Amino acid sequence: MAIGPIEGSALSLVQPHPVFDGGARAPLAPKPGTEGFADMLVDAVARANTLSHTAHAAAENLAAGRTDDIHGTMIEMQKASIETKLVGTVKNKVVDAFYELWRMSV
């Protein structure tokens with residue numbers, strides 16, 4: 001079962017939300033020069049996608065006989081597999097944390 005992005009969600013993970021700070025509301029934003037959690041996730045998914053395409057191209061080249069580097073092909077396949085599993089695990093942890101927060105009584 002594939003889970004896609006939530007369209008039209010009232011909760012934005014990209015935009016900072018104001019927090020209560022001693023009577024005044026101030027925006028909560030990452031420090032200058034650092035990236036936010038959403039940027040990190042986008043980069044991880046893009047990296048996994050790039051590694052997947054690279055591994056697929058290496059496997060096609062091996063199958064077509066354009067290369068005989070089975071060792072390099074297997075390394076590329078494992079890199080893509082590990083990166084994809086990492087992104088999936090992080091996604092599962094974020095969803096689990098969301099449901100834990102949802103179940104909390106206020």
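In table form, for the structure just shown:
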quantity: Residue list for segment 67-97, filter: surrounded by 11 or more Cβ atoms within 10 Å (Cβ to Cβ) and not in a helix (DSSP H, G or I); calculated: THR67, ASP69
quantity: Per-region count, segment 37-54, residues without any contact (Cβ under 8 Å) to a residue 24 or more places away in the chain and surrounded by 14 or more Cβ atoms within 10 Å (Cβ to Cβ); calculated: 1
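All of the numbers you see were taken from the coordinates with simple rules; none came from a lab. This one's a predicted model, so the numbers in the text were calculated from it and none came from an experiment. Because the Cβ atoms are built from the backbone with ideal geometry, glycine has one as well, and the counts that use them run over all protein chains shown.
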